[in-house]
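These notes are about the structure you will find just below.
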Amino acid sequence: MIFVFQWIRFTLLIILIPIISQGKIVVVNGLTHTFNLAGEDQSKGVIQLKNIGNESKSVLIYQTDYSFNYKGETRYGEPGSLDRSNAGWLNITPVSVTLEPKEEKQVNFSIEVPGDVELIGTYWSAIMVEPSDLLDEGQNRNGVRIRTVFRYAIQVITNINGTGKPDLDFIDVNLRNSGEESHLDIDVINKGNGFINAIMNVEIFDQQGSSIGVFSSKRLRTLPSTSKRYRVDIPKLERGT
């Protein structure tokens with residue numbers, strides 16, 4: 001009888017977005033690119049990379065889909081896997097680049113909206129920038145190897161001109177108290193076909209009907225079929241209605 005023992009290699013991906021501190025590669029011109037286009041329109045974009053470290057660094061550029069929810073979960077799926085993915089509209093060049101210390105280089109991408117299908121609202125995907133040289137191979141102990149990867153995700157959003165509208169619906173609202181601080185967690189989902197970049201305002205009234213004030217969240221972008229948690233800080237309230 002022959003026994004075969006096989007070592008299993010595990011890969012642990014630790015993803016920090018949007019900061020690549022150890023890699024010393026930074027995206028200079030923002031992590032969101034938005035285009036307002038119509039069917040058969042074409043446009044171009046640029047991702048500006050800079051090596052702020054003291055060693056030469058190589059990076060890979062590739063595509064994924066991108067989704068998130070109010071629980072803080074983020075998913076980067078296969079390009080084209082989401083119903084509203086625009087990954088197939090993009091062409092990226094180059095797909096790998098090496099930057100010397102303090103050097104800047106451009107990654108160019110073009111976007112072409114198809115004209116043979118009816119498109120309404122917002123479509124999006126992500127361009128990933130990931131070091132191709134491993135930052136930390138870790139130690140191989142008992143057949144387990146840890147690989148650490150830091151990468152950027154750049155959103156590419158396409159709004160089809162004059163179409164689509166957001167439709168926010170409330171999932172839940174919860175009051176959180178912590179010592180002398182209080183805030184409202186307001187969970188919403190976008191059931192529409194257009195994105196919204198919104199602020200949540202909360203006005204509080206006492207039991208006599210007098211306004212205590214209007215309190216606001218940070219501005220958050222919510223894409224179709226995604227959800228967000230808006231946090232609104234409020235003052236400590238006296239007991240009552």
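The set of residues from region 60-92 being within 13 Å of the chain's Cα centre (by Cα) and charged (D, E, K, R) comprises D65, E73, R75. A single entry from D185, D206, D233, D172 fulfils the requirement of being free of Cβ contacts under 8 Å to residues at least 40 places away in the same chain and either surrounded by 11 or more Cβ atoms within 10 Å (Cβ to Cβ) or aliphatic (A, V, I, L, M) (or both): D206.
Looking at region 208-224, can you tell me whether even one residue there is aliphatic (A, V, I, L, M), at pLDDT below 95 and over 30 Å from E78 (Cβ atoms)? Within region 208-224, one or more residues are aliphatic (A, V, I, L, M), at pLDDT below 95 and over 30 Å from E78 (Cβ atoms).
Residues in region 151-197 that are more than 30 Å from L49 (Cβ to Cβ) and among the aromatic types (F, W, Y): 1 in all. Looking at E78, is it outside any strand (DSSP E or B), surrounded by fewer than 12 Cβ atoms within 10 Å (Cβ to Cβ) and at pLDDT below 95? Spelling it out, it is not the case that E78 is outside any strand (DSSP E or B), surrounded by fewer than 12 Cβ atoms within 10 Å (Cβ to Cβ) and at pLDDT below 95.
Out of the residues in region 188-203 meeting the condition of being within 23 Å of P235 (Cβ to Cβ) and surrounded by fewer than 16 Cβ atoms within 10 Å (Cβ to Cβ), tell me which one is farthest from the chain's Cα centre (by Cα). Top of the filtered list is E203. Looking across region 22-64, the residues that are assigned to a loop (DSSP other than H, G, I, E, B) and of a type in the set (A, V, I, L, M, F, W, C) come down to V28, L31, A38, I52. When K191 is tested against (1) within 27 Å of I61 (Cβ to Cβ); (2) basic (K, R); (3) at pLDDT 90 or above, just one condition goes unmet, and that condition is (1).
Counted as qualifying within region 145-241 are the strands (runs of 3 or more DSSP E) with 3 or more residues that are aliphatic (A, V, I, L, M), namely 152-160, 168-178, 181-190. Say we look at region 57-87 and pick out the residues that are without any contact (Cβ under 8 Å) to a residue 60 or more places away in the chain and touching a Pro at 6+ places or on another chain (Cβ under 7 Å); which of these is nearest to T222 (Cα to Cα)? Among those that are without any contact (Cβ under 8 Å) to a residue 60 or more places away in the chain and touching a Pro at 6+ places or on another chain (Cβ under 7 Å), it is S85.
The values are calculated or read from the model by the stated rules, or taken from the named source; none is laboratory data. Keep in mind that what you see is a predicted model, and the values were worked out from it rather than measured. Glycine also receives a Cβ, built like all others from the backbone with ideal geometry; neighbour counts cover every protein chain displayed.
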